[in-house]
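Q: One structure is given below, represented as structure tokens, and several questions about it will come after.
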Amino acid sequence: MTLPETIDATAALLHGQGYRPDRALATVTFLALRLGRPLLLEGEPGTGKTEVAKALAAGLGRRLIRLQCYEGLDAAQAVCDWNFPAQMIAIRTAEATGAGDAARLQQDLFGPDFLIERPLLQALRPHPEGPPVLLIDELDRTDAPFEAFLLEALSDFQVTVPELGTIRAAAPPIVILTSNRTREVHEALKRRCLYHWVGYPDAARELEILSARAPEAARALSQEVVAFVQRLRTEDLFKTPGVAETIDWAKCLLALDVIALTPEVISDTLGALLKYQDDIRRIEGAGAKRLLEEIRSPKTPA
Ligand SMILES: Nc1ncnc2c1ncn2[C@@H]1O[C@H](COP(=O)(O)OP(=O)(O)OP(=O)(O)O)[C@@H](O)[C@H]1O
Ligand SMILES: [Mg+2]
């Protein structure tokens, strides 16, 4: 499928995959596609950053190539590696049979048969479906040297492998980077990208998201779930629940055939929303009752 021509078409494309972007996200996504620039999405956990890449790939009918970042990630894991055991076998076989000359063997050993292509290299290769969506997920988990390496790769959409030379994408991939901002991404890399902060949605959009992701939930229950989570986010918590937790919680309530929230039901299912014992202890029981009363009879503070 060709790239969307307008912001509305971009929003519609994401919509078609069950993703509910706000206007700002649809705009920056459209611009990233139109200008061929990488898009850096930063935000709280569980707010739909990774899902943008998945929805784009599915909506455009492109492959999704994912590079999951972690501490110590290096070029061998990100670009390509050599199949060392297979190379050894080839060497031993050549020795045993006396076949071929040494120079030829060396050339073969660093040829396509022994190459293991990792996500960055895969993303540069031409493909009948068109350039893929390259998701570089949780970039903040890597370190500065890898970011510097990435900077080069994303500037020209090319990588250099000593044995192979420089490999350049004929058609650049669509690149989405995500970060939970456990540390700042280097400015030079940020400059290459368009940037968007993915915040918690407002109640109306969270209800839309919930209706898309848990359509089996009755409207009244979804509204209560959203109101409760929105209220919960204003509490002083160690870890505030994201949209992912809202969806999980609604599914738990559905599995328990709950039709309306009660303090007991909330306390029993808090583990879907809160993942720290201190937070759970703070909210369960009286806290849940208080928050529930507040969302059912919203009062303006005196
Ligand atoms: N705007 C949205 N529309 C539809 N679904 C959404 C939206 N935002 C979040 N979700 C849903 O929330 C869940 C979490 O999304 P996702 O994994 O993309 O979050 P994330 O921001 O990448 O989280 P993390 O930082 O923990 O990796 C997914 O199931 C996704 O479908
Ligand atoms: Mg993610």
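Bear in mind these aren't lab numbers, they're just calculated from the coordinates by the rules spelled out. This one's a predicted model, so the numbers in the text were calculated from it and none came from an experiment. Please note: Cβ atoms are built from the backbone with ideal geometry, for glycine as well, and neighbour counts cover all protein chains shown.
Q: Calculate how large, on average over all directions, the projected area of the Cα convex hull of the range 130-260 is; give the answer in nm² to one decimal. Working shown, then result.
A: On the way: hull surface 46.5 nm².
Projected over every direction and averaged, the Cα hull of the range 130-260 covers 11.6 nm².
Q: Right, here's the next one. Can you pull the Kirkwood radius for the range 203-293, inverse mean 1/r over Cα pairs, to one decimal in Å?
A: Values: mean 1/r = 0.0777 Å⁻¹.
That comes to 12.9 Å for the range 203-293.
Q: Can you give me the P(r) profile for the range 39-142? Cα pairs, bins 5 angstrom wide beginning at 0, each as a whole percent.
A: Percent of Cα pairs in each bin: 2, 11, 16, 16, 14, 12, 9, 7, 6, 4, 2, 1, 0.
Q: Cα convex hull of the range 93-170: mean projected area in nm², to one decimal? Don't skip to the answer; put the middle values down first.
A: On the way: hull surface 30.3 nm².
For the Cα atoms of the range 93-170, the hull's average projected area reads 7.6 nm².
Q: Could you tell me what percent of the DSSP beta bridges with both partners in the chain are antiparallel, to the nearest 5?
A: Counting DSSP beta bridges with both partners in the chain, the antiparallel share is about 30 percent.
Q: What are the radius of gyration and Dmax of the chain, computed over its Cα atoms and given in Å?
A: Cα only, the chain: 24.4, 92 Å (Rg, Dmax).
Q: Which order, highest average first, do 267-274, 88-95 follow once you tally other Cβ atoms within 10 Å for each residue and take the mean per peptide? Write out the running numbers ahead of the final one.
A: On the way: 267-274: 18.4, 88-95: 12.6.
The peptides rank, most packed first, as 267-274, 88-95.
Q: If you take the alpha carbon radius of gyration of the range 27-83 and divide it by 2.2 N^0.38 Å, what ratio comes out, to two decimals? List each step's numbers first, then the result.
A: Details: Rg = 13.9 Å, N = 57, 2.2 N^0.38 = 10.2 Å.
Relative to the 2.2 N^0.38 Å estimate, the range 27-83 comes out at 1.36.
Q: Do you know the relative contact order of the range 203-293, to the nearest whole percent, from alpha carbon pairs under 8 angstrom that are 6+ apart?
A: Values: 87 pairs, mean separation 27.0, N = 91.
Relative contact order here is 30 percent.
Q: A further question on this structure: Enter the Cα centre distance for the pair the range 149-226 and the range 40-107, rounded to the nearest angstrom.
A: 21 Å
Q: Let me ask something else about it. With contacts defined as alpha carbon pairs under 8 Å and 6 or more residues apart, what's the relative contact order of the chain in percent? Write down the numbers at each step before the final one.
A: Details: 445 pairs, mean separation 63.2, N = 302.
Once divided by the residue count of the chain, the mean separation gives 21 percent.
Q: Mind checking the range 172-258 for chymotrypsin sites (Phe, Trp or Tyr not before Pro) that DSSP puts in a loop (not H, G, I, E or B) and that have at most 14 other Cβ atoms within 10 Å?
A: Details: sites: 195, 197, 228, 238, 249; in loops: 238.
Passing both the DSSP loop test and the Cβ count: 238.
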